[in-house]
Amino acid sequence: MKVVGARIPRYDGIAHVTGRTTYVDDVRVPGTLWVKALRSPHHHAGITRMDTRAAEEMPGVHAVITWQDVPLLEYGHLAALGIPADEPLLAKDEVRYKGQPIALVAADDEEIAAEAVSRIDIDFEERPAMLDLRQAFDPESPEIHREGNWYKHFEDEMDRRQIRKGDIEWAFENADTIVQGVYRPAAIEHAPIETQTCQVVPEASGRLTIYSCTQALYFSMGVVAAHLQVPLNKLKFVGGTTGGGFGGKVDTATETMCALLAMKSGKPVKWRWTREEEFLCSSTRAPWHMELADAVTRDGWILGRKMLTLHDAGAYSRFSPYGLTKHSFHHTGAYTIPNLQFDGYVVYTNRTPTTAMRGFGVTSVSFATETHMSRIADVLGVDPIEIRLKNANRIGDTSPNGIVYTDPSTVSTIQTMAEAIGHELPADYRTMTSEPRTGALLPEHLVAQTANPEEH
Amino acid sequence: MSFTVNGVTHEIEGFELTPLLDVLREELGITGAKAGCHQGGCGACTVLVDGEPKRSCLVPAGYADGASITTVEGLGAPEDLSPIQQAFVHHYAAQCGFCTSGMMLAGQSYIAHGGTDDAEAIQEALGGHVCRCTGYSKIIDAVAAAARGDSFDLTETAIGKYTTMATGGAE
């Protein structure tokens, strides 16, 4: 325990304050070509014609790539976990979000690359776009994804993440009142100060050196190797220095395309997204739509919860099924609710694909469940802190997915918070601990969900 | 045209309207100023032009003709950190580090113009700088410490010493 409680230096602190930290944009490789992308101007459209010849013939242009240059066009970010691929590296015959990459140019400088992009001849046939996840989930809405408007590949090919616990019918029959709420947090752009940047250098050995700002270097290695259909030993990744990511640099946004351009041109290439591209085209935190109905008693017990969650994946699934799974495990928040009916769907829209961001899948459900706890307190006319303590997770309580809590900290956290805001608690709440439920805190309806932590 | 960067005079070949940021980074290879937005919005490209903080992405190179420019590299080397650099290390005011050079140069200019440790005044001076890791309170603490003239023994507050891989590795 040399470190806990001690001040320790940041390993990169002095490099940061002296300008010596080498971010990808600071790597200097002579003869580097600059990359620009042709991106979809539409939320949803068919590509009816594309001709890149005028761009290829421009002086100063060294390589142009389209879907035809990608050895394996579709590879999912979570393919290794059995989540099927649904996203092409470069759009082939349709675009499903505004900003989706279609073709890329590597040229002597940024201006030539941008001019060449503008010379790519392309025609679109616009299609209806779904930009709201609740609307996309409506069975009457037009289908915007080839699998339908939501993900179909949870375990046993279920089309939703489902949790059933206890006896939900009993809870709603025995409630004094039902408290309902709908919660819809919006998309959030990570907006790192360093935009997505990648530099790839083709080595004489035939390997590629890939300077990446990724937060997930080994993920990115796997994704690049799969698309390129090359073994991992052909790729040398240089990473670990990220100018802000917050989850947004978990996706492999640039590395594969730069690798293809370096291979095709035989020259080092670099792609640095503009701030506008970062805002419009990079993945975001997802919008969510959450509907809660809680069966509650007059004295502040939550007997049961029904919850419907829609998670906006944007145009493709990427990490969304994983994020929704985490979300489902947390859908009772820091509280014990014995009877549950949870259904969560990963819904496709024509928004930019969504991804991880600080507390992937969980911040949304915390926002909904905490707001809902206060709403329940309002409806019942009880103290919002006391109702939290009463229902707080305790040793021996079980989570929605059946995990037995052995060291929950809800009680002490809420007590500390109450003290910090000067909220007076009655003695029995002030002295409450996380010890297993007994007496008044173990009403009949909570008996069945408790377990002996010693046996787990 | 020519200008001085961190005490070294450079003859500049390029077009006068090329942003100073691009001349520094691409022509001179001085990369401490960062290209966060290229539109004057984030402050990461800030350098001092004759002591005044300027967004180098919005400054045409010709404007700096004859000027003396300071970038983060000119504040102090790892073995000879300036007070504001020491304060940023001590207060953990750099997280990802991408906004740090701009923040420090704005803070340096604020202090050089007689700025005090008043938190509101520091916020005003750094108002044009975005930190997305949201380390603002630590950054303000660091500028305040440097404004007060706090001194730091960076070896005593740590296990071992404040060292980096760049300066010789952990002890």
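The values are calculated or read from the model by the stated rules, or taken from the named source; none is laboratory data. What you see is a predicted model, and the numbers here were worked out from it, not measured in a lab. When we count neighbours, we look across all protein chains shown, and the Cβ atoms used for this are built from the backbone with ideal geometry, even at glycine.
Numbers for the structure displayed
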read-out	value
First in the stretch A:26-41 and at positive phi, second anywhere and at pLDDT 95 or above and of a type outside the set (Gly, Ala, Ser), Cβ under 9 Å, 6 or more apart	A:Gly31/A:Lys267; A:Gly31/A:Pro268
The stretch B:1-10, subset surrounded by fewer than 13 Cβ atoms within 10 Å (Cβ to Cβ) and without any contact (Cβ under 8 Å) to a residue 60 or more places away in the chain, residue nearest to the other protein chains (Cβ to nearest Cβ)	B:Val8
Filter result for the condition that a residue is of a type in the set (Gly, Ala, Ser) and touching a helix residue (DSSP H, G or I) at 6+ places or on another chain (Cβ under 7 Å), over B:Gly115, B:Gly127, B:Gly102, B:Gly135	B:Gly115
Unmet requirement for B:Gly51, which otherwise passes all of (1) buried (at least 23 other Cβ atoms within 10 Å of the Cβ); (2) on the phi > 0 side of the Ramachandran plot; (3) touching a residue at least 60 places away in the same chain (Cβ under 8 Å); (4) not aliphatic (A, V, I, L, M)	(1)
Residue match in the stretch A:276-291 (condition: in contact (Cβ under 8 Å) with a residue 24 or more places away in the chain, surrounded by fewer than 19 Cβ atoms within 10 Å (Cβ to Cβ) and either among the polar types (S, T, N, Q) or in contact with a Cys (Cβ under 9 Å, 6 or more places away or on another chain) (or both))	no
Residues that are in contact (Cβ under 8 Å) with a residue 60 or more places away in the chain and assigned to a loop (DSSP other than H, G, I, E, B), drawn from the stretch A:47-61	A:Thr52, A:Met58
Residue in the stretch A:214-243 that is nearest to B:Ala94 (Cα to Cα), counting only those that are among the small types (Gly, Ala, Ser) and outside any loop (DSSP other than H, G, I, E, B)	A:Ser220
Residues within the stretch B:23-43 that are closer than 22 Å to B:Thr9 by Cβ and facing chain A (nearest Cβ under 10 Å), tallied	7
Answer residue from the stretch A:167-188, given it is within 30 Å of A:Phe319 (Cβ to Cβ) and in a loop (DSSP other than H, G, I, E, B) and is nearest to the other protein chains (Cβ to nearest Cβ) among those	A:Ala187
Criterion (within 14 Å of chain B (Cβ to nearest Cβ) and over 30 Å from B:Cys45 (Cβ atoms)) met by exactly one of A:Arg20, A:Arg7, A:Arg53, A:Arg28	A:Arg7
Residue tally, condition assigned to a loop (DSSP other than H, G, I, E, B) and surrounded by 15 or more Cβ atoms within 10 Å (Cβ to Cβ), over the stretch B:54-71	6
Matching residues, the stretch A:205-244, being hydroxyl-bearing (Ser, Thr, Tyr) and either within 21 Å of A:Gly13 (Cα to Cα) or touching a Cys at 6+ places or on another chain (Cβ under 8 Å) (or both)	A:Tyr211, A:Ser212, A:Thr214, A:Thr241, A:Thr242
Flag if B:Gly97 is closer than 18 Å to B:Arg132 by Cβ and either assigned to a loop (DSSP other than H, G, I, E, B) or facing another protein chain (nearest Cβ under 9 Å) (or both)	yes
Qualifying positions in the stretch A:62-103 - assigned to a strand (DSSP E or B) and under 26 Å from the mean Cα position of the chain (by Cα)	A:Glu74, A:Pro88, A:Glu94, A:Val95, A:Pro101, A:Ile102, A:Ala103
Residue satisfying condition, being at the interface with chain A (Cβ under 9 Å from one of its Cβ atoms) and of a type in the set (S, T, N, Q), within set B:Thr71, B:Thr46, B:Thr18	B:Thr71
Members of the stretch A:264-290 found to be in contact with a helix residue (DSSP H, G or I) (Cβ under 9 Å, 6 or more places away or on another chain) and not in a loop (DSSP other than H, G, I, E, B), listed by number	A:Lys264, A:Val269, A:Lys270, A:Trp271, A:Arg272, A:Arg285, A:Trp288, A:His289, A:Met290
Failed item in (1) at pLDDT below 95; (2) within 13 Å of chain A (Cβ to nearest Cβ), with B:Glu13 passing the rest	(2)
In the stretch A:189-210, residue surrounded by the fewest Cβ atoms within 10 Å (Cβ to Cβ) [restricted to those that are at the interface with chain B (Cβ under 10 Å from one of its Cβ atoms) and in a loop (DSSP other than H, G, I, E, B)]	A:Ala191
Some residue of the stretch A:33-46 being within 14 Å of chain B (Cβ to nearest Cβ), under 24 Å from A:Lys270 (Cα atoms), among the aromatic types (Phe, Trp, Tyr) and part of a strand (DSSP E or B)	yes
Number of the condition not met by B:Gln39 [criteria: (1) of a type outside the set (Phe, Trp, Tyr); (2) under 25 Å from A:Thr18 (Cβ atoms); (3) touching a Lys or Arg at 6+ places or on another chain (Cβ under 7 Å)]	(2)
Condition met for A:Val362 (closer than 30 Å to A:Phe219 by Cβ, in contact (Cβ under 8 Å) with a residue 12 or more places away in the chain, surrounded by fewer than 21 Cβ atoms within 10 Å (Cβ to Cβ) and not basic (Lys, Arg))	yes
Residue in the stretch A:5-22 that is outside any helix (DSSP H, G or I), among the aromatic types (Phe, Trp, Tyr) and in the same structural domain as A:Ala103 (by TED's automatic domain parsing) present	no
Residue in the stretch B:57-68 that is modelled with pLDDT of 95 or more and within 11 Å of chain A (Cβ to nearest Cβ) present	yes
The stretch A:393-419: number of residues that are aliphatic (A, V, I, L, M), under 16 Å from A:Pro453 (Cβ atoms) and not in a loop (DSSP other than H, G, I, E, B)	2
Only listed residue being surrounded by 21 or more Cβ atoms within 10 Å (Cβ to Cβ) and within 11 Å of chain A (Cβ to nearest Cβ), chosen from B:Gln108, B:Gln85	B:Gln85
